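Notes follow the structure.
The values are calculated or read from the model by the stated rules, or taken from the named source; none is laboratory data. Computed from a prediction, not measured in an experiment: that's the story for all the values here. Every residue, glycine among them, receives a Cβ derived from its backbone with ideal geometry; neighbour counts consider all protein chains shown. We work out accessible area using only protein heavy atoms, side chains counted, and drop any ligands, DNA or RNA first. Shrake-Rupley method; radii C 1.70, N 1.55, O 1.52, S 1.80 Å.
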Amino acid sequence: MPQGDPREPHALWFDAVSVRYRPDGPEAVSRVTFRVAPGERVALLGLNGCGKTTLLTAAVGLVPFAGAIHVEGLPVARDTLRAVRDQVGFLFGVPDDQLLLPHVLHDVAFSLERRGVPRDEARARAAEMLAALGVGDLAACAPHQLSAGQRQRVALAGALVARPRVLLLDEPSAALDPVGKEELAGLLEGQGAALLMATHDLAFARRVCRRFVILDAGRVVADAADATCVARYEEGRVAAVRTRARGPAS
Amino acid sequence: MVAFIEAWGGGNGAARRLSPHIRLLCGALFFSGATLTPPRPAALSFGIAAIAGWAACCGLPRRRLRGALALAASLFLPLAALAWAAARLNGDTAAWRVPAVIVLRSTLGIVAAAATMAALDLAELHDALAALPLPRAVRALLLQVAQQTALLTDETRRLGDALRIRGLVSARLATRVRGLCALPTVWLVRLALRAERVGAAMEVRGFDGGGGGRRAAATRADRAAVSLALLVLGVAGWLRWRGM
């Protein structure tokens, strides 16, 4: 049974979540527990391989997990996946993977059309979202004609256009230039959705988020609402690299 | 060599005035007609004229026509040469007919496909497929084949660039052989992993081939084009059936 008071409003709730990719393999994520309140923006930080992407993909039912995950009060289970995914805007770590149509505008509009929005309205809203992300003039292009950063923006548009209540973004600023990052930050603040964002971009995380969950080897090692934990995490990470570079003291 | 991405659009013939789904439908009908053409003089003339007419309507660029013919030659000439040699050795020239039929029909089919692709931008494919009465699964499959091939072509090009930058092309022979032998494994693994990730994305985004364009009201040109394409198919079938 999940711990804590289930009546407490939450957009996302990870309750003792563990993930193994192989039955006899190590845990990629180990008993992770935390909540994201409605409208709260949380950065998920950690080194490569610490389990950030695994946690995001578990939240949309792409990987099997132990424990419980709730999205907008819905438990993530086989029979609720469609309803859960309707609530979520998801950005994959490789944006190419989620560009499913050979026309940028149609791809973004698809996120609305599958939610029942009429085609003309969907395309109008998609055009607005593309413009807000600085790629409005690419609406008639095919994705393969775009640069990596442009594809990232189109994939983001597809995730944001339906104004979902929960946003799960994997490295959303990875291929963006400073202007793109600022545009995205403004959009995320304006959306009002709950946000869980896996990122290595600490400056972007501080710009957008007000709470920081740090993973290490699949476990939560810090969960703080101020930026000092981020600063300590950053300093500790850099210090570890310098120590390794210097080698053992002679 | 024309890459898959480059084979779409660029045709500026009369077929451009048709709705996207009509261009696709007519292309499919001409392609089907090409596969029925028997290798007899009257039928052959009709088949070549029909496909040439469709290619002209689509405004198939000459470079792409040469590319299509080159593709057909590379695929089918070895077969034809082998069959011809075998037929000569056995003194049975009639045995060469079947391979000749395959070569002929396949070449006409490839030209028909190239012409249709030239008349249709890749970006129009979604609307074109959505407006045809196809099962969702078929629509999803066709769209993803086109979309992922386009993206993979791009990725393969980047892989090739990486090979050049990393010096594989100018390395010693043994190193080149080792690198090239490893390449299919690398590429196929990337392909398989990508397919898995795209499948996951389709799940999360709820993509099942649905959505897309409403079928616009058929214009007079659309109706005429479909009628003509059906006529060509009918004549090809009749010629085949009558053994002409």
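Below is a table of values for the structure above.
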read-out	value
Every residue from segment B:126-136 that is more than 11 Å from chain A (Cβ to nearest Cβ) and either part of a helix (DSSP H, G or I) or closer than 30 Å to residue B:81 by Cα (or both)	B:136
Where residue A:134 falls short, out of the listed (1) more than 9 Å from chain B (Cβ to nearest Cβ); (2) open to solvent by 50 Å² or more (accessible area, probe 1.4 Å); (3) part of a loop (DSSP other than H, G, I, E, B)	(2)
Of the criteria (1) in contact (Cβ under 8 Å) with a residue 24 or more places away in the chain; (2) within 13 Å of chain B (Cβ to nearest Cβ), which one residue A:38 fails	(2)
Close pairs (9 angstrom Cβ cut-off, 6 or more residues apart or separate chains): within 10 Å of residue B:77 (Cα to Cα) in segment B:96-114, open to solvent by 20 Å² or more (accessible area, probe 1.4 Å) and outside any helix (DSSP H, G or I) anywhere	B:100/B:39
Only listed residue being more than 9 Å from chain B (Cβ to nearest Cβ), among the basic types (Lys, Arg) and in contact with a helix residue (DSSP H, G or I) (Cβ under 9 Å, 6 or more places away or on another chain), chosen from A:125, A:85, A:115, A:119	A:125
Given (1) in a loop (DSSP other than H, G, I, E, B); (2) under 17 Å from the mean Cα position of the chain (by Cα); (3) at pLDDT below 90, index of the condition residue B:60 fails	(3)
Selection from segment B:75-125 of residues that are of a type outside the set (A, V, I, L, M, F, W, C), closer than 23 Å to residue B:27 by Cα and in a helix (DSSP H, G or I)	B:105, B:106, B:107, B:109, B:116, B:124
Residues (away from chain A (no Cβ under 14 Å) and surrounded by 11 or more Cβ atoms within 10 Å (Cβ to Cβ)) located in segment B:137-158	B:138
Breaking point among (1) free of Cβ contacts under 8 Å to residues at least 40 places away in the same chain; (2) over 22 Å from residue B:158 (Cβ atoms); (3) crowded, with 21+ Cβ neighbours inside 10 Å, for residue A:184	(1)
Criterion (more than 9 Å from every other protein chain (Cβ to nearest Cβ), surrounded by 15 or more Cβ atoms within 10 Å (Cβ to Cβ) and outside any helix (DSSP H, G or I)) met by exactly one of B:163, B:168	B:168
Test: residue A:64 is closer than 30 Å to residue A:21 by Cα and assigned to a loop (DSSP other than H, G, I, E, B)	yes
Residue satisfying condition, being open to solvent by less than 10 Å² (accessible area, probe 1.4 Å) and more than 26 Å from residue A:147 (Cα to Cα), within set A:205, A:224, A:217, A:193	A:193
Hits in segment A:194-247 - residues which are within 29 Å of residue A:88 (Cα to Cα) and of a type in the set (Val, Ile, Thr)	A:199, A:208, A:213, A:214, A:220, A:221, A:230
